[in-house]
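**Q** The structure is given below, and queries will be raised subsequently.
The values are calculated or read from the model by the stated rules, or taken from the named source; none is laboratory data. Note that the structure is predicted; figures quoted are calculated from it, not measured. Using ideal geometry, Cβ is built from the backbone for each residue, glycine included, and neighbour counts are taken over all protein chains shown. Note: areas computed on protein heavy atoms with side chains; ligands, DNA, RNA excluded. Shrake-Rupley method; radii C 1.70, N 1.55, O 1.52, S 1.80 Å.
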Amino acid sequence: MNLHEYQSKKLFSDHGIPVLEGNIASSPDEAKSSAEKLKGDIWVVKAQVHAGGRGKAGGVKIARSIAEVHEMASEMLGTNLITKQTDEKGLPVNQVYIESGTSIQSEYYLSLLVDRTKESWTYIASIEGGVDIEAVAEESPEKIINYTIDPLKGLELSSLKQMADRMGFTDDVHSQFVSITKKMFEIAKEKDANLIEVNPLILDDHNQLIALDAKISIESNALFRQEELLSFKDNSQENKLEVKASEHDLSYVSLDGNIACMVNGAGLAMATMDLIKLHGGEPANFLDVGGGATTDRVKMAIDIIMENPNVDAILINIFGGIVRCDVIAQGITEAVKSTAIDIPIVVRLQGTNVELGTRILEESGMKIISASDLTDAAIKVVSSVKEAVQ
Amino acid sequence: MSVLVNQETRILCQGITGSQGSFHAEQCIEYGSNIVAGVTPGKGGSTHLDVPVFNSVAEATSEVEIDVSMIFVPAKFAADAMKSAIESEIGLIVCITEGVPVQDMIEVKAMLKGSDSILLGPNCPGIITPEETKIGIMPGFIHQKGSIGIVSRSGTLTYEAVHQTSMCGLGQSTCIGIGGDPIKGLNFIECLSLFEEDPATEGIVMVGEIGGSDEEKAAEFIKDSITKPVVAYVAGVSAPPGKRMGHAGAIVTGNEGTASSKYKALNDAGVKTTDSPALIGEIMKELLNQ
């Protein structure tokens, strides 16, 4: 679960990581009054979306008067911000964060993440801040500093100090950096964060390190023990069908093609998409109905699939293990009857009770195209779409 | 022969009285698996599926000889379940549970390092040696005793490979589902190495998917250390970057974890790869006939 910048900064400030003063606003008038509460004569208006690259996309603007804050907020709110991290539709800007301006001496990069390769936590820091860190890692890897926590030893202060040394920090700034990194780990542990990223971390004219941006991602599997963070969830930043699917415990990812898939198991669901593509088609979605596919779940899955207006055909691929093919067949029959589906449906069943399942489909009187194996299913669904076009 | 488990293996089921644990433990027993004890806190002293139930793993191991623990407890308790199995020095711990927080797995893996236990999973279908023992949730009837070792990150895709190798008469020595989580126990390399040493295994099927770099590491290992034929398939060529494809670990981040990078590494290592999971069985048969 991704947090917005303002939510991440709330956690930062609760834990003593320095951030600029700021207020959240959902309307231009609120933005104006938010700015009025802040000191200084420069303000920054920042679109709150779950994507990086906001600055270059016009989602971060500097205002030199309160009137300008109002104007910029009204330009941003209600639009979709398209950045290089979003798709071509972009993400809706429903809130803007108004911050005081600051002086900037230099910009750095700092993050802490769950490192799957090292099976622990890794800090990444760089003297190159405010830029794409993956590009820095590629072009000048010598500018990247890493520290992976040894889970048996826990966080070692000496290692944080070494990081600060390598960043070239001395005196008070050195200890500020150590304190910030230490607090990041506290947040990560306490809130089950997978990623805490500060890009940029800046040094202002008073030699204060400040988190100018903040991005936190919370482990979805740990939300059962992070109930107070659930209010931070912003479904407007997610695909509507993906949200609906997850509410029904279905794993769904929306794609650009026109052939919908319903499959049991994540790996087989990916493989089904791959096969559609291999045989010249374009998958419209990834959908794993899971191991406990009941008639109701199958119906819900088909409902969700059909909400995507681009879908021209459906491929249902079930390898019945614990899931019985007859149960799936029953679900398909009921769903098709109740939603009046008039596009081709190709079904491939294999495994437990396959004969019974196939018979249920055959006797249902529906126009279901049966497929004998994976390849046959992919070829049939792709050609059904091509025939429809002709 | 087989790897890790056989008909002698004595199995403990953690969470045996829960709905999932109970259902699958029963299926395992029907298959012929030797489940000797169960654990459910608070239900010690009772019997379930004709098996004695204990309050804790420590209690169970003090009364009964146990080789493997099969874990079915809910995600929020799974890390503690794994830790108690490690503390009781159980040789192989198979955690089926899906949805264990990755932060918990960092702790579990750290604890494993100083122990003699091996972990399989979490979020995996388990392990089966056909016609001997089934420890997990896979459908037993599709398996057939034979000569192919299968190691896979995906459940149903493993069944697909199993089904094909059964249909073409090769059968399986042992099938290991290592699971779809980013931080997990056994990985490709350990399993490949076990199959290399197993005299009953003549060929190895490896099923990978997008995310992480385990397939790339496995490719290096195969080049240096595996003499038996390997057929590999990687799921997710058509998956978009930045999206989690069902499994917690199946995500392309930046340039890392793409199917094409994995295919390249495997091909460079001389592994026979296929872009269609439907051809795994046939290709293996051809390789073995050469």
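**Q** Working only within segment B:233-258, note down all residues that are under 21 Å from the mean Cα position of the chain (by Cα) and not aromatic (Phe, Trp, Tyr). Show your work before the answer.
**A** The first filter runs over segment B:233-258 and keeps only residues under 21 Å from the mean Cα position of the chain (by Cα), leaving B:233-236, B:244-251, B:257.
Once the filter is applied, which keeps residues that are under 21 Å from the mean Cα position of the chain (by Cα) and not aromatic (Phe, Trp, Tyr), segment B:233-258 yields B:VAL234, B:ALA235, B:GLY236, B:ARG244, B:MET245, B:GLY246, B:HIS247, B:ALA248, B:GLY249, B:ALA250, B:ILE251, B:GLY257.
**Q** Consider only pairs whose beta carbons are under 6 Å apart and that are at least six residues apart or on different chains; among these, list those whose first residue lies in segment B:128-147 and is away from every other protein chain (no Cβ under 11 Å) and whose second residue is of a type in the set (Asp, Glu).
**A** Close Cβ pairs satisfying both conditions: B:LYS145/B:GLU131; B:SER147/B:GLU202.
**Q** Given the options A:MET262, A:MET270, name the one that is within 11 Å of chain B (Cβ to nearest Cβ) and closer than 21 Å to A:ASP376 by Cα.
**A** Just one listed residue meets the conditions, A:MET270.
**Q** While we're here: Output the number of residues of segment B:112-124 satisfying the condition of being open to solvent by 10 Å² or more (accessible area, probe 1.4 Å) and not aliphatic (A, V, I, L, M).
**A** Total meeting the criteria: 6.
**Q** Here's another thing I want to ask about it. Return yes or no: is A:ASP312 more than 11 Å from chain B (Cβ to nearest Cβ), more than 19 Å from B:ALA259 (Cβ to Cβ) and surrounded by fewer than 18 Cβ atoms within 10 Å (Cβ to Cβ)?
**A** Details: more than 11 Å from chain B (Cβ to nearest Cβ): yes; more than 19 Å from B:ALA259 (Cβ to Cβ): yes; surrounded by fewer than 18 Cβ atoms within 10 Å (Cβ to Cβ): no.
So A:ASP312 fails the test.
**Q** What number of residues in segment A:160-169 are in a loop (DSSP other than H, G, I, E, B) and either in contact with a helix residue (DSSP H, G or I) (Cβ under 7 Å, 6 or more places away or on another chain) or within 14 Å of chain B (Cβ to nearest Cβ) (or both)?
**A** In the first step, residues of segment A:160-169 are kept if they are in a loop (DSSP other than H, G, I, E, B); the result is A:167-169.
Those left that are additionally either in contact with a helix residue (DSSP H, G or I) (Cβ under 7 Å, 6 or more places away or on another chain) or within 14 Å of chain B (Cβ to nearest Cβ) (or both): A:167, A:169.
Result for segment A:160-169: 2.
**Q** Could you tell me which residue of segment A:275-288 is farthest from the other protein chains (Cβ to nearest Cβ), considering only residues that are surrounded by 24 or more Cβ atoms within 10 Å (Cβ to Cβ) and in contact with an Asp or Glu (Cβ under 8 Å, 6 or more places away or on another chain)?
**A** Applying the first criterion (surrounded by 24 or more Cβ atoms within 10 Å (Cβ to Cβ)) to segment A:275-288 yields A:275-276, A:281, A:283-288.
Filter once more, so that each one left must be in contact with an Asp or Glu (Cβ under 8 Å, 6 or more places away or on another chain): A:276, A:284.
Values: A:ILE276: 7, A:ALA284: 11 Å.
For segment A:275-288, the residue satisfying everything is A:ALA284.
**Q** Filter segment B:102-119 down to the residues that are of a type in the set (A, V, I, L, M, F, W, C) and out of contact with any helix residue (DSSP H, G or I) (no Cβ under 9 Å at 6 or more places or on another chain), then identify the one that is farthest from the other protein chains (Cβ to nearest Cβ). Spell out how you get there, then give the answer.
**A** Kept after step one, since they are of a type in the set (A, V, I, L, M, F, W, C), are these residues of segment B:102-119: B:102, B:105-106, B:108, B:110-112, B:118-119.
Narrowing further to those that are out of contact with any helix residue (DSSP H, G or I) (no Cβ under 9 Å at 6 or more places or on another chain): B:106, B:110.
Numbers: B:ILE106: 5, B:ALA110: 4 Å.
So the residue we want is B:ILE106.
**Q** If only one of A:TYR6, A:TYR109 is under 23 Å from A:VAL198 (Cα atoms), within 25 Å of the chain's Cα centre (by Cα) and either part of a helix (DSSP H, G or I) or without any contact (Cβ under 8 Å) to a residue 40 or more places away in the chain (or both), which one is it?
**A** Working: A:TYR109 fails: either part of a helix (DSSP H, G or I) or without any contact (Cβ under 8 Å) to a residue 40 or more places away in the chain (or both).
Checking each option against the conditions leaves just A:TYR6.
**Q** Okay, next question. Of everything in segment A:115-150 that's out of contact with any Asp or Glu (no Cβ under 6 Å at 6 or more places or on another chain) and more than 30 Å from B:ALA110 (Cα to Cα), which residue is modelled with the highest pLDDT?
**A** Across segment A:115-150, the extreme among qualifying residues is A:ILE127.
**Q** Also: For the condition in contact with a strand residue (DSSP E or B) (Cβ under 8 Å, 6 or more places away or on another chain), open to solvent by less than 20 Å² (accessible area, probe 1.4 Å) and among the small types (Gly, Ala, Ser), what is the one hit in A:SER100, A:SER106?
**A** Values: A:SER106 fails: open to solvent by less than 20 Å² (accessible area, probe 1.4 Å).
After applying the criteria, what remains is A:SER100.
**Q** So, one more: Please enumerate the residues belonging to segment A:141-158 that are hydrophobic (A, V, I, L, M, F, W, C) and out of contact with any strand residue (DSSP E or B) (no Cβ under 6 Å at 6 or more places or on another chain).
**A** Our first condition is that a residue be hydrophobic (A, V, I, L, M, F, W, C); within segment A:141-158, this holds for A:144-145, A:149, A:152, A:155, A:157.
Answer for segment A:141-158, where residues must be hydrophobic (A, V, I, L, M, F, W, C) and out of contact with any strand residue (DSSP E or B) (no Cβ under 6 Å at 6 or more places or on another chain): A:LEU152, A:LEU155, A:LEU157.
**Q** Mind telling me which of the residues A:ARG324, A:ARG297 ends up being within 13 Å of chain B (Cβ to nearest Cβ) and surrounded by fewer than 22 Cβ atoms within 10 Å (Cβ to Cβ)? Show your work before the answer.
**A** Details: A:ARG297 fails: within 13 Å of chain B (Cβ to nearest Cβ).
None of the other options fit; the residue is A:ARG324.
**Q** Further question on the same structure: Just checking, how many residues over segment B:194-215 are on the phi < 0 side of the Ramachandran plot and open to solvent by less than 40 Å² (accessible area, probe 1.4 Å)?
**A** Of the residues in segment B:194-215, 15 are on the phi < 0 side of the Ramachandran plot and open to solvent by less than 40 Å² (accessible area, probe 1.4 Å).
**Q** How many of the residues making up segment B:234-249 are within 7 Å of chain A (Cβ to nearest Cβ) and open to solvent by 30 Å² or more (accessible area, probe 1.4 Å)?
**A** Going through segment B:234-249 one residue at a time, the tally reaches 3.
**Q** Right, something else. May I ask you to list the residues in segment A:332-370 that are closer than 19 Å to A:GLY265 by Cα and modelled with pLDDT under 85? Steps first, answer last, please.
**A** So the first thing to find is which residues in segment A:332-370 are closer than 19 Å to A:GLY265 by Cα, and the list is A:332, A:346-354, A:357.
If the condition is that a residue be closer than 19 Å to A:GLY265 by Cα and modelled with pLDDT under 85, then A:GLY351, A:THR352, A:ASN353 are the ones that fit.
**Q** If you don't mind, another one. Scanning for something more than 12 Å from the chain's Cα centre (by Cα), in a loop (DSSP other than H, G, I, E, B), over 17 Å from B:PRO277 (Cβ atoms) and at the interface with another protein chain (Cβ under 10 Å from one of its Cβ atoms), does segment B:176-184 turn up at least one residue?
**A** At the first step, the residues of segment B:176-184 found to be more than 12 Å from the chain's Cα centre (by Cα) are B:182-183.
When the remaining residues are screened for being in a loop (DSSP other than H, G, I, E, B), the result is B:182-183.
Narrowing further to those that are over 17 Å from B:PRO277 (Cβ atoms): B:182-183.
Filter once more, so that each one left must be at the interface with another protein chain (Cβ under 10 Å from one of its Cβ atoms): B:182-183.
Looking for residues that are more than 12 Å from the chain's Cα centre (by Cα), in a loop (DSSP other than H, G, I, E, B), over 17 Å from B:PRO277 (Cβ atoms) and at the interface with another protein chain (Cβ under 10 Å from one of its Cβ atoms), one finds at least one in segment B:176-184, hence yes.
**Q** Still on this structure, please answer the following. From A:ILE17, A:ILE62, A:ILE98, A:ILE24, grab the single residue that is part of a strand (DSSP E or B) and under 23 Å from A:ILE187 (Cβ atoms).
**A** Values: A:ILE17 fails: part of a strand (DSSP E or B); A:ILE62 fails: under 23 Å from A:ILE187 (Cβ atoms); A:ILE98 fails: under 23 Å from A:ILE187 (Cβ atoms).
Criteria check complete, one pass: A:ILE24.
**Q** Of all residues in segment A:336-375, which are hydroxyl-bearing (Ser, Thr, Tyr) and within 14 Å of chain B (Cβ to nearest Cβ)?
**A** In the first step, residues of segment A:336-375 are kept if they are hydroxyl-bearing (Ser, Thr, Tyr); the result is A:338-339, A:352, A:358, A:364, A:370, A:372, A:375.
A:THR352, A:SER372, A:THR375, listed by residue number.
**Q** Pull up segment B:256-279, narrow it to residues that are more than 7 Å from chain A (Cβ to nearest Cβ) and part of a loop (DSSP other than H, G, I, E, B), then point me to the one that is most open to solvent (accessible area, probe 1.4 Å). Talk me through it step by step, then tell me what you get.
**A** Restricting attention to segment B:256-279, the residues satisfying the condition of being more than 7 Å from chain A (Cβ to nearest Cβ) are B:256-274, B:279.
If we keep only those that are part of a loop (DSSP other than H, G, I, E, B) as well, we get B:257-258, B:269-271, B:274.
Working: B:GLY257: 2, B:THR258: 38, B:ALA269: 19, B:GLY270: 65, B:VAL271: 10, B:THR274: 8 Å².
By that ranking, first place goes to B:GLY270.
**Q** Mind listing whichever residues of segment A:170-198 are open to solvent by 10 Å² or more (accessible area, probe 1.4 Å), within 14 Å of another protein chain (Cβ to nearest Cβ) and within 23 Å of A:THR102 (Cβ to Cβ)?
**A** Correct list: A:GLU197 only.
**Q** Just give me the residues in segment A:140-159 being touching a Lys or Arg at 6+ places or on another chain (Cβ under 6 Å) and away from chain B (no Cβ under 14 Å), in sequence order.
**A** Across segment A:140-159, the qualifying residue is only A:ILE145.
**Q** A follow-up question, please. Taking segment A:109-139 as the region of interest, how many residues are within 14 Å of another protein chain (Cβ to nearest Cβ), over 23 Å from A:GLN7 (Cα atoms) and open to solvent by 20 Å² or more (accessible area, probe 1.4 Å)?
**A** 10
**Q** I'm trying to understand the selection: among the residues of segment A:45-87, which are of a type in the set (D, E, K, R) and either surrounded by 19 or more Cβ atoms within 10 Å (Cβ to Cβ) or more than 22 Å from the chain's Cα centre (by Cα) (or both)?
**A** Going residue by residue through segment A:45-87, those that are of a type in the set (D, E, K, R) are A:46, A:54, A:56, A:61, A:64, A:68, A:71, A:75, A:84, A:87.
Within segment A:45-87, A:LYS46, A:ARG54, A:LYS61, A:ARG64, A:GLU68, A:GLU71, A:GLU75 qualify.
**Q** Every residue in segment A:242-265 that is open to solvent by less than 20 Å² (accessible area, probe 1.4 Å), more than 20 Å from A:VAL347 (Cβ to Cβ) and more than 14 Å from the chain's Cα centre (by Cα), please. Spell out the reasoning first.
**A** Filtering segment A:242-265 for residues open to solvent by less than 20 Å² (accessible area, probe 1.4 Å) gives A:245, A:250, A:252-253, A:257, A:259-265.
The next check asks that each one be more than 20 Å from A:VAL347 (Cβ to Cβ); those that pass are A:245, A:253.
Within segment A:242-265, A:ALA245 is the sole residue that qualifies.
**Q** Consider segment B:44-101. How many of its residues are open to solvent by 40 Å² or more (accessible area, probe 1.4 Å) and either touching a Leu at 6+ places or on another chain (Cβ under 9 Å) or within 14 Å of chain A (Cβ to nearest Cβ) (or both)?
**A** The qualifying residues number 8.
**Q** Tell me, please, whether a residue that is modelled with pLDDT of 95 or more and assigned to a helix (DSSP H, G or I) can be found in segment B:3-13.
**A** no
**Q** Here's another thing I want to ask about it. Could you run through segment B:140-193 and say how many residues are under 19 Å from B:SER213 (Cα atoms), open to solvent by less than 10 Å² (accessible area, probe 1.4 Å) and of a type in the set (S, T, N, Q)?
**A** 2
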